[in-house]
Amino acid sequence: MAGSVLGASGLTRLDLPVGLSVFPHELVRSPKIWAERAYSDLVYFNDRIPYGGHFAAFEQPLLFTQEVRNFARIVK
């Protein structure tokens with residue numbers, strides 16, 4: 001993959017603060033261990049969200065907004 005930096009796991013490394021919200025009806029639910037391997041600066045991870053799926057911003061806008069705010073409080 002041109003222009004990317006691959007970590008030991010073969011995933012693209014992203015060296016900036018990352019937040020990941022895993023909604024329960026997402027197509028692929030990423031476990032925290034995968035996120036930790038992919039993102040060297042994982043500062044926010046939440047997989048205990050009660051509702052929502054792949055289009056969480058449309059399906060559950062209040063929950064989605066709260067997740068963005070939770071992440072922003074950490075990195076501000």
Rounded to the nearest 10 Å², the 1.4 Å probe accessible area of Arg69 is 140
Summing +1 per Lys or Arg and -1 per Asp or Glu among the other residues with Cβ less than 14 Å from Ile74's Cβ gives +1
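The values are calculated or read from the model by the stated rules, or taken from the named source; none is laboratory data. Keep in mind that this is a model prediction, so the values were computed, not measured. Reconstructed Cβ throughout: ideal geometry from the backbone, glycine too, with neighbour counts over all protein chains shown. Heavy atoms of the whole protein, side chains included, go into the accessibility calculation; ligands, DNA and RNA do not. Shrake-Rupley method; radii C 1.70, N 1.55, O 1.52, S 1.80 Å.
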